[in-house]
Structure formats: C-alpha cells, structure tokens
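The values are calculated or read from the model by the stated rules, or taken from the named source; none is laboratory data. Values in this document were obtained by computation on a predicted structure and should not be read as measured data. With ideal geometry, Cβ positions are generated from the backbone for all residues, glycine too; neighbour counts draw on all protein chains shown.
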Amino acid sequence: MGTVYRSIRGMHDFLPVEATYSHSIEEYIKNILHHHAYFEIRFPVVEETGLFKKAIGKNTDIINKEMYNFYDKKKKTISLRPEGTVSCIRACIQNNMFYQSQVQKLWYHGPMFRYERPQKGRFRQFYQLGVEYFGCNDIVVDYEIIILTVNILKNLNLLSNVKLEINSIGTLKDRKNFSLVLKKFFQKHIIHLTKHEKNLLSRNPIRILDSKNQNIVKLLKLAPKLNNYLSKSSYTRFEQLCNLLNSSKIDFIINHQLVRGLDYYNDTVFEWKSKDNLGSNHAVCSGGRYDNLIEYLGGKKNSAMGFAIGIERLLIIKKSVDTFYFNYLTIDINVLVVEVAYLMLAINVSEKLRLTWPDLKINTCLQVVKKKNYTKFSKNIKSKFLLVFSSRALNMNKILIKNMFHKETYIPLNRIFQNPCIFKK
Ligand code: ATP
Ligand code: MG
C-alpha cells in the first residue's frame with residue numbers, strides 16, 4: 001500500500017458539518033459588520049518577511065518562534081501571514097486608501113499561520129475575522145469598537161460565556177520607562193525565572209506580565225504596576241473609556257496585566273476571554289489601538305484601532321451552547337424517483353422548487369430507487385421531507401410527501417409550489 005498522507009500537524013480540515021456551521025456564524029458576524037458600514041478587504045496570504053518583522057517587532061514570540069518563512073524561487077524571503085492587521089495596512093498604503101477619505105472601516109477574514117504547539121483552540125493554521133477602524137483616535141472610537149464586539153457576542157448569544165478584560169498599555173515611551181523598572185525588580189528575583197523568562201526580561205520585559213508560571217504570578221503581585229507609569233493623557237483616556245463603558249452598563253474587568261503579543265499597540269487593549277471552554281487559551285477576541293503603525297510602515301500618520309476574533313475558539317464556545325449544531329447539515333427536501341422515466345421530471349421540479357423556496361436546501365437523488373428498496377432507502381435519508389415520484393402518484397397527478405416522522409401523504413403536484421406550509425420546519 002502507498003503512503004497514507006495526513007494533514008500537516010496543527011492544520012485541520014473543516015468537514016462539512018464544521019464548515020457549514022462555521023460559515024453560518026461567519027455570515028452572521030459579517031452581516032453585523034455590514035450594518036455598521038464596515039467594508040471587506042482581501043489581501044494575499046503571503047507577504048515579504050520584512051514587513052511582518054518590522055511591524056510586529058523582532059522581539060516578539062510571533063517573529064522569533066511562530067513564523068512560517070520560505071524562500072521563493074528568486075531567494076526572496078516570504079512568510080505566511082501570522083495575522084491580518086499588518087497586511088491590511090500595507091494594502092491601504094500601497095493603494096492610497098488613506099488619502100481618499102479620513103475614516104476607513106474595514107474587515108477581513110481568512111487563514112493565519114503560526115508555528116505554535118498545537119492544543120485545544122491553538123492551531124498552526126487558524127481563521128481570524130478582523131476589523132480595523134482607521135482615521136480617528138477619539139476615545140469614542142475605542143468605545144464604539146468595544147461595543148461592536150459586545151453586539152457580535154450578544155447576537156451570537158455568547159455574552160454569558162465570555163468576559164471582557166481591558167487595560168491601557170500607555171505610549172511606547174511609558175512602556176520603555178516601565179520596562180526599566182520591571183527589569184530591575186525581576187533582576188532581584190532572577191532565581192525564580194526560567195530560561196525563557198530570563199530571555200524575555202532582556203528582550204521584551206513587558207511580556208512577563210502575561211506569564212502563567214505560578215512563581216511569576218505571585219511575584220507580579222509585588223512588582224511595579226504599568227498603570228502607575230502611564231502618561232497623563234493615556235491615564236485620562238483610560239479613565240474616559242471606563243466611564244463610557246460603565247455608563248452603558250457593559251460588564252468588564254480591568255486587568256493591569258493584560259498586554260499584547262505584538263509590539264505595535266498603544267493605550268487601549270482588550271480581550272474577550274472564555275469563562276470555561278478554552279482552557280488556558282482563553283482569548284477568543286483580542287484588540288487594541290495602534291496609532292503609530294501606519295506611519296511606521298511608511299504611510300501618513302493616521303490613528304487606528306481594531307480587533308480579531310479567532311474563529312476556531314469562537315466555534316468551541318458556540319458549540320457548547322448550540323447542542324444541535326450538527327443539524328446544520330440537514331437537507332430540507334430530498335426529491336426521489338422510483339422509476340427512471342421520471343428522472344428528468346424530478347430534476348425540473350427540483351429546479352422550480354429551488355426558485356420558489358430559495359431558503360430551502362433541496363437535493364435531487366439522481367440514483368433511481370427501485371420500488372422494492374424504497375422503504376429501506378427512504379428510512380435512511382436524512383431530510384425533513386422526501387418527495388417521491390412514482391407512477392402510482394403521478395397517475396393521480398399527485399406526488400408522495402413523507403415527513404421526518406415517516407408520515408406519508410399524497411398531494412396534488414402544483415400545491416408544492418403554492419403552499420408554504422407544506423415545507424414549514
Ligand atoms: P494567545 O495569547 O492565545 O496566543 P494572541 O495574543 O497571540 O493569543 P492575537 O494575535 O491577538 O492572539 O490573535 C487574535 C485572536 O486569534 C486571539 O484572540 C485568538 O482567538 C486567535 N488566535 C491566536 N492564535 C491562535 C492560534 N494559534 N490558534 C487559534 N486561534 C488563535
Ligand atoms: Mg499567541
């Protein structure tokens with residue numbers, strides 16, 4: 001026997017149930033974005049490696065450990081995109097989008113790639129649906145973006161399964177000042193740090209705040225706090241945001257340890273975390289403000305804020321609520337013939353049914369089912385209704401309808417196009 005190939009580790013297939021379920025949720029979110037006047041943007045899955053290195057920061061886990069880098073045939077280094085924001089900005093700068101209008105409201109959806117250790121909710125190819133708001137840094141933008149995520153999760157009926165955490169990470173200068181103090185603090189406790197944390201301390205000390213190592217978690221209680229090192233304007237922004245959220249009765253937790261794995265953020269950062277479905281990988285939606293990135297990548301200075309939803313993580317939570325998610329594969333009407341002479345009629349009737357009832361999933365069984373096999377065959381067909389063409393029925397100008405409880409009735413053929421109640425779910 002030849003080699004049996006398997007998918008690459010950490011890259012999974014979406015089988016039809018999963019794909020259909022995922023599609024319906026993504027469509028639902030896209031519809032909400034459409035109603036908020038966001039427009040779609042699509043960009044390539046690969047970019048020059050240098051773009052990601054510059055934007056995400058060379059001392060981040062993504063760049064150091066998680067990138068898929070390749071040489072193309074001309075020995076150029078290209079990378080599979082690990083996230084969408086950077087490519088989105090590159091595309092907007094390249095296509096002069098920032099000059100056409102001040103505010104741009106965009107969304108994207110597609111696969112991202114990170115070489116991480118695969119586990120529940122953590123893959124090497126995963127999907128993100130991301131949103132970016134360019135052109136205004138007023139605090140009401142931060143508020144509106146967060147409210148948009150509230151709306152999405154509320155409409156998906158998931159608000160009780162997730163919690164919102166917010167923080168301000170201040171300006172780059174604030175973080176530089178704070179990093180020095182944090183470094184000093186941890187140098188006094190260096191014996192408690194693993195090799196990885198010592199490495200972080202020298203390269204990107206802020207990331208220590210994110211540690212899940214219990215020794216570090218304890219030490220962090222005694223460590224200096226980033227919020228005490230915020231500049232006045234960052235501090236005021238954060239206070240204003242909290243007031244706005246409070247005035248709208250949005251439940252949130254201030255987590256002063258919340259930082260992001262990408263260097264480009266400033267001021268507001270937020271995460272929606274699962275309360276219990278995702279283990280330690282609990283961020284299902286993460287976002288923040290990044291007012292310097294566009295200029296840093298060669299564009300005109302322009303403020304920006306956005307977020308990305310991890311689709312696989314969203315599906316894990318949503319499935320725990322929708323216990324019947326596998327019903328997404330159910331066919332509404334299956335059209336069946338027991339004599340070959342009626343096959344073309346069945347095809348034409350199916351086509352007319354699709355035009356009449358555009359929301360229904362209608363399948364034509366192109367395999368003729370012999371009379372003697374009909375009972376067995378029809379029992380195994382998973383559909384809400386079975387329409388059967390047989391000479392017995394057609395001689396009376398009728399058709400046989402069988403519902404999912406196996407109740408059979410003969411009805412006049414033309415009624416299936418007229419009476420919406422016949423195929424009511
Ligand atoms: P984490 O801390 O879990 O590694 P992150 O901070 O790296 O997440 P972002 O870069 O902000 O995540 O990505 C936005 C969202 O994409 C996350 O909130 C999460 O839902 C999802 N995500 C990130 N990495 C993965 C992955 N490897 N597999 C599946 N989903 C992911
Ligand atoms: Mg990560």
Exercise for review: State all residues of the range 280-293 that are surrounded by 23 or more Cβ atoms within 10 Å (Cβ to Cβ) and more than 8 Å from ligand 1 (Cβ to nearest atom); if no residue qualifies, say none.
Suggested key: G288, R289, Y290, L293
Exercise for review: Answer yes or no as to whether G299 is near ligand 1 (Cβ under 9 Å from one of its atoms), more than 22 Å from F123 (Cα to Cα) and outside any helix (DSSP H, G or I).
Suggested key: no
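Every residue, every condition in (1) within 23 Å of the chain's Cα centre (by Cα); (2) part of a helix (DSSP H, G or I); (3) in contact (Cβ under 8 Å) with a residue 40 or more places away in the chain, yes or no:
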site: I63; (1), (2), (3): yes, yes, no
site: E83; (1), (2), (3): yes, no, yes
site: V86; (1), (2), (3): yes, yes, yes
site: C92; (1), (2), (3): yes, yes, yes
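Yes/no matrix, rows are residues, columns are (1) within 30 Å of I25 (Cα to Cα); (2) modelled with pLDDT of 95 or more; (3) of a type in the set (S, T, Y); (4) crowded, with 18+ Cβ neighbours inside 10 Å:
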{"position": "S168", "(1), (2), (3), (4)": "no, yes, yes, yes"}
{"position": "L172", "(1), (2), (3), (4)": "no, no, no, no"}
{"position": "H189", "(1), (2), (3), (4)": "no, no, no, no"}
{"position": "L193", "(1), (2), (3), (4)": "no, no, no, yes"}
{"position": "N213", "(1), (2), (3), (4)": "no, no, no, no"}
{"position": "S231", "(1), (2), (3), (4)": "no, yes, yes, no"}
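Just to check your reading of the model, which residue among K173, K163 is part of a strand (DSSP E or B) and of a type outside the set (V, I, T)? Talk me through it step by step, then tell me what you get.
Values: K173 fails: part of a strand (DSSP E or B).
Step by step, each of K173, K163 is checked, and only K163 is part of a strand (DSSP E or B) and of a type outside the set (V, I, T).
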Exercise for review: Can you tell me which residue within the range 370-425, out of those that are at pLDDT 90 or above and in a loop (DSSP other than H, G, I, E, B), is farthest from Y328 (Cα to Cα)?
Suggested key: M396
Revision key, fill the gap. For Y127, the lone unmet condition from (1) at pLDDT below 95; (2) within 16 Å of ligand 2 (Cβ to nearest atom) is (1)
Revision key, fill the gap. Across (1) assigned to a loop (DSSP other than H, G, I, E, B); (2) away from ligand 1 (no atom under 12 Å from the Cβ); (3) under 18 Å from R260 (Cα atoms); (4) of a type outside the set (F, W, Y), K74 clears everything bar (3)
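Based on what the data block shows, is G306 closer than 30 Å to N95 by Cβ, surrounded by fewer than 19 Cβ atoms within 10 Å (Cβ to Cβ), touching a helix residue (DSSP H, G or I) at 6+ places or on another chain (Cβ under 9 Å) and small (G, A, S)? Step through it out loud before you land on a result.
Working: closer than 30 Å to N95 by Cβ: yes; surrounded by fewer than 19 Cβ atoms within 10 Å (Cβ to Cβ): no; touching a helix residue (DSSP H, G or I) at 6+ places or on another chain (Cβ under 9 Å): yes; small (G, A, S): yes.
No; evaluated as a whole, the condition is false for this residue.
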Practice item. For Y127, work out the one condition from (1) near ligand 1 (Cβ under 9 Å from one of its atoms); (2) assigned to a helix (DSSP H, G or I) it doesn't fulfil. Key: (2)
Exercise for review: Select, from D263, D267, D210, D174, the only residue that is under 18 Å from I145 (Cα atoms) and either among the acidic types (D, E) or in contact (Cβ under 8 Å) with a residue 60 or more places away in the chain (or both).
Suggested key: D267
Exercise for review: Go through (1) surrounded by fewer than 17 Cβ atoms within 10 Å (Cβ to Cβ); (2) within 30 Å of L315 (Cβ to Cβ); (3) at pLDDT 95 or above one by one and return the number of the condition V140 breaks.
Suggested key: (2)
